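Here is the structure we will look at.
The values are calculated or read from the model by the stated rules, or taken from the named source; none is laboratory data. Note that the structure is a prediction, hence the values are computed from the model and not measured. Note: ideal-geometry Cβ built from the backbone for every residue, glycine included; neighbour counts use all protein chains shown. For accessibility, only protein heavy atoms count, side chains too; no ligands or nucleic acids. Shrake-Rupley method; radii C 1.70, N 1.55, O 1.52, S 1.80 Å.
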2 protein chains.
Amino acid sequence: MTNVKSYIKEHKQRFLNELIELLKIPSISADSAYKNDVLKTADEIKISLEKAGCDHVEICKTAGYPIVYGEKTIDKNLPTVLVYGHYDVQPPDPLDLWHSPPFEPIIKKTETHPEGAIFARGACDDKGQMYMHVKAMEFMTTTNQLPCNVKFMIEGEEEVGSSNLAIFVKENQEKLKNDVILISDTGMIAPDVPSITTGLRGLSYVEVEVTGPNRDLHSGLYGGAVANPINVLAKMIASLHDENNHITIPGFYDKVEELSKQERQHMAKAPFNLEEYKKALDINAVYGEAGYTTNERNSIRPTLDVNGIWGGYTGEGAKTVIASKAFAKISMRLVPHQNWEEITQLFKTHFESIAPPGVTVKVKPHHGGQGYVTPIDSIGYQAASKAYQDTFGKTPIPQRSGGSIPIVSLFEQELKSKTILMGFGLDSDAIHSPNEHFGIFNYLKGIETIPLFYKYFTELSK
Amino acid sequence: MTNVKSYIKEHKQRFLNELIELLKIPSISADSAYKNDVLKTADEIKISLEKAGCDHVEICKTAGYPIVYGEKTIDKNLPTVLVYGHYDVQPPDPLDLWHSPPFEPIIKKTETHPEGAIFARGACDDKGQMYMHVKAMEFMTTTNQLPCNVKFMIEGEEEVGSSNLAIFVKENQEKLKNDVILISDTGMIAPDVPSITTGLRGLSYVEVEVTGPNRDLHSGLYGGAVANPINVLAKMIASLHDENNHITIPGFYDKVEELSKQERQHMAKAPFNLEEYKKALDINAVYGEAGYTTNERNSIRPTLDVNGIWGGYTGEGAKTVIASKAFAKISMRLVPHQNWEEITQLFKTHFESIAPPGVTVKVKPHHGGQGYVTPIDSIGYQAASKAYQDTFGKTPIPQRSGGSIPIVSLFEQELKSKTILMGFGLDSDAIHSPNEHFGIFNYLKGIETIPLFYKYFTELSK
């Protein structure tokens, strides 16, 4: 593919500036206070797709935040690539841990990113990675090298469960018809170790509420005589793992895919340094399910984590109170074959069943999605692999990710096509954390690699 | 004692108005944002003591909030009563559960308070009960019926541990010299069942911090592979009680006073209706240490309660994050002979010792105090008992309270005098909770009963 490198070199500053402008808008889908910002971001995406050469760009209304759709059809007989991404971002808190404001992007050099990285919420997840596709599209149209048809579907509710996208996909199967789905919302092993994500974990996210007495009580007058919702919640959460860190919910593991010894040996080949891993996180030991390695624990095994907990007095100083209520947000990462709705029900039944006398427990299912695995012998995977070989000079390593993109399995079910996950972020980019960033090298490498995927996918489809 | 009833009847409205004005000032000692309000309250107390007839009223500076001191000496050969109270209040949150703003006092009739009750933070604990003594003093001086000498010591840090009062008492033993200490900061069994508190529990209040990875992490990429500080904190808290709800901290029970069968039988005579207790709290069952009744659990047995817990994402919607840190505020109620500093150390040592690999744990001792028991054969107790008999027509029941007034045991140690706890509040007055209130009947009954204590204490001291 001619002059993609020189085109990027020529337009590098603009590519960075455009992304920085996009990152300035706090499109936090989880917090309704940012509604107008999320909507404004959708408008910006529409404009950028039009500039990139898409026809019929539209903002499709949903019950929640809109989906930006755009397409360019050059020949009905050529294959069609559907690009999916999201323009919403995670909440930035805890704010005090950010070294610079999350929505005032700045470029800083780091050990991992000697060429500099853009620091901002959404820099990597997913505005930066999504925008690589917009710029790759611009390159292909501007230089008349678009080899096939393209459809863009950029949503604004990925961080809150994509429930309206699911409806949109079901209702627009013809419009979204494609031969392969391309997503950059995952990571690669290292800047010099390209990888393609072949598996994603499913997710079940719930919120629990434990209610004891009908009002906050004085812990001196009532302490020890009534069930304390916080103590009870702690006991209930603690009981969800046994001494080997296996999850104790009855039936939880019934459908878990057990990988063969061979597959696990293959996985073990991926470069991983436990000491560096611990050092990067500043921990003296890793922790997890007995009988599995760190890379297995966070990819092929299901997990249960409390993502948030609150109750009672959390202000300055002391308050001797027994709270009336205690709350927790709990998410379970699921592996292929575990059904998230079934797991959510198993959790609800179990958690309510272990409530001791003196409290009432509510479990509110929040959202979820199925896990996903993609075969490495598909045309899509092969095309991606060749693209990486051209731009990185190395064959990418197939890897399972611990993360979840719930919508991917729904795409396969509704649109009957496979998804290729070309991720350019790094684990150390701190997505969902303070000081999220995205390497300039990774950003530009993505823009360089994506057009080659189109080229090879079209050739291999002949 | 002549015409106390008629004096109260005549000045009832003013007594109410003066207290209401005092309750309008948010003197929250735990939150430095209210510093000026706490200081303003001290000034108001000074003025009210002067109006009530005290000589030498002064605002005594401390390292924290000041102590208001006032005295009236009529005859060095007569006994001296030292009145203690506090003008600071608990934080009012959760604000959304208040039916009227906590610092905009209103009078409402309730089932328990047919004559009406004042709803406001501090109405009962302790502004209302403290102010009964100021008004009783006013009555005795105005009508020339003060039978002995009086000293007032009203502090502003009771809700945060009275650490500066402790220093003040140690440094002013001569100034504070007295024959008996009188405090109204406890409760009575029911409006028609007067009682005198003969025991208080000690307190140890700590804050714990569990730190895992050095930053918040994506729960998909790291979930199951690193220790989650919230899950770990829950496990650690859960382990502090065994299946019989005994506290598992080694040595915790070593010095606990075991009451005789006879004493427990005596206690069991206090009127108590478990069904009404559960109904009032809207709970289907009580909960607590095996082998003890509800009244024993909250008075003669030590307890451990989490008063607050927080960590991770607690906002609207969902965030799939593993928090770097999780926190809890934990208080232990102690019984006589348990040393709070020793117990705090036992907790710290134990809690740090049970931290699993992959996290670090910090325990920050907050404040505490010793438990206290007063004998019912003392002159002070007898005088109080006779006073109640006159105003209620009944002999008050001696009862152990589950609450703590850490300073009481220090008074005995430093000032070598016993404390009489004449409480006029009710358990249902919701102290430390939303909608705290104090019955007008109780308030006026206190003002009526206190002068009689002075009278009988002086007579019995002859």
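Quick check: the angle from helix B:229-238's long axis to the longest principal axis of chain B, C-alpha only, nearest 10 degrees?
60 degrees
Defining the label point at 7 Å along Cα→Cβ, can you sort the distances from A:ASP192 to the same site in each other copy, shortest first, in nm?
Spacings between copies for this position, smallest first, are 8.9 nm.
What is the average number of partner chain Cβ atoms found within 10 Å of a Cβ in A:84-91? Before the final figure, lay out the partial values.
Numbers: counts 0, 0, 0, 0, 0, 0, 8, 7.
That works out to 2 on average.
Principal axis lengths of the stretch A:360-457 from Cα atoms, whole Å, largest first?
Result, largest extent first: 60, 37, 19 Å.
Work out the mean other chain Cβ neighbour count within 10 Å for the residues of A:428-436 and drop it here as an integer.
Details: counts 0, 1, 4, 4, 12, 9, 3, 2, 1.
Across the residues of A:428-436, the mean count of other-chain Cβ atoms within 10 Å is 4.
Taking every residue in A:329-335, how many Cβ atoms of other protein chains lie within 10 Å of its Cβ, on average?
Partner-chain Cβ atoms within 10 Å, mean over residues of A:329-335: 4.
Tell me, what is the 1.4 Å probe accessible area of A:ARG215, in Å² to the nearest 10?
Surface accessible to solvent at A:ARG215 totals approximately 50 Å².
Compute the Rg to Rh ratio over the stretch A:258-307 from the alpha carbon atoms, using the Kirkwood formula for Rh, and round to two decimal places.
Expressed as Rg/Rh, it is 0.98.
For the stretch B:380-385, in order, what is each residue's ³J(HN,Hα) by Karplus, 6.51 cos²θ - 1.76 cosθ + 1.60 with θ = phi - 60°, in whole Hz (x at glycine and Pro)?
Running phi through 6.51 cos²θ - 1.76 cosθ + 1.60 with θ = phi - 60° gives x, 5, 4, 5, 4, 4 Hz.
Could you give P(r) for the stretch B:53-119, binned at 5 Å from zero, as whole percent values over all Cα-Cα pairs?
Going out from 0 Å in 5 Å bins, the stretch B:53-119 shows 3, 11, 13, 14, 12, 13, 14, 12, 6, 2, 0 percent.
Roll a 1.4 Å probe over the protein chains and send me the accessible area per residue for the stretch B:31-146 in Å².
Computed with neighbouring chains in place, this is 42 Å² per residue.
Please work out, to two decimal places, the log10 of the ratio I(q)/I(0) at q = 0.06, 0.09, 0.10 Å⁻¹ from a Debye calculation in which every Cα of the protein assembly as shown carries one identical scatterer.
Listed by q, the Debye log ratios stand at -0.52, -0.91, -1.02.
Express in % the proportion of alpha carbon pairs of the stretch A:287-348 at distances exceeding 16 Å.
Counting pairs separated by more than 16 Å, the tail of P(r) holds 62 percent.
Of the heavy-atom accessible surface of the protein assembly as shown (probe 1.4 angstrom), what whole percent is carbon and sulfur? Numbers along the way, then the final one.
On the way: 17560 of 34140 Å².
Taking all protein chains in place, the protein assembly as shown shows 51 percent carbon and sulfur surface.
For the stretch B:1-62, what mean projected area does the convex hull of the alpha carbons give, in nm²?
One quarter of the hull surface, i.e. the mean projection, equals 5.8 nm².
Let a ≥ b ≥ c be the square roots of the eigenvalues of the Cα gyration tensor of the stretch B:183-332; is it rounded (a/c under 1.5), or, if not, prolate (a/b larger than b/c) or oblate?
Cα axes put the stretch B:183-332 in the prolate bin.
What's the longest bit of chain A with no exposed GluC sites (Glu not before Pro), using DSSP loop states and at most 12 other Cβ atoms within 10 Å as the test?
Longest site-free region, per DSSP loop and neighbour criteria: A:259-462.
Where both partners of a DSSP beta bridge lie in the protein assembly as shown, what percent of those bridges are antiparallel, to the nearest 5?
So the antiparallel bridges amount to about 70 percent of the total.
Can you give me the accessible area per residue for the stretch B:164-274, using a 1.4 Å probe, in Å²?
Heavy-atom accessible area per residue stands at 37 Å².
Please work out the FRET efficiency for the pair B:ASP377 and B:VAL256, using the Cβ-Cβ distance as r and a Förster radius of 22 Å; give the result to the nearest 0.05.
Values: r = 24 Å, r/R0 = 1.10.
Using R0 = 22 Å, I get an efficiency of 0.35.
Ranked by accessible surface with a 1.4 Å probe, highest first, in what order do B:LYS135, A:LYS46 come?
A:LYS46, B:LYS135
Leaving out ligands, DNA and RNA, calculate the buried accessible area for the pair A and B with a 1.4 Å probe, summed over both sides, in Å² to the nearest 100.
That pair of chains buries around 7700 Å² in total.
How big is the stretch B:75-176 by the Kirkwood estimate over distinct Cα pairs, in Å?
It works out to 16.2 Å.
Counting only heavy atoms of protein chains, what accessible area per residue, in Å², does the stretch B:397-437 have with a probe of 1.4 Å?
Accessible area per residue: 25 Å².
For chain B, what Kirkwood radius comes out of the mean inverse Cα-Cα distance, in Å?
On the way: mean 1/r = 0.0425 Å⁻¹.
Its Kirkwood hydrodynamic radius stands at 23.5 Å.
³J(HN,Hα) across the stretch B:25-35 via Karplus (A = 6.51, B = -1.76, C = 1.60, θ = phi - 60°), whole Hz, x for Gly/Pro?
So the Karplus estimates, Gly and Pro as x, are 8, x, 7, 8, 6, 6, 10, 4, 5, 9, 3 Hz.
Quick one: if you stick a label point 7 Å off each Cα along the C-beta vector at B:ILE354 and B:ILE167, how many nm between them?
Calculated label separation equals 3.5 nm.
Using just the alpha carbons, could you tell me how many Å³ per residue the convex hull of the stretch B:143-239 encloses?
For the stretch B:143-239, the hull spanned by Cα atoms encloses 250 Å³ per residue.
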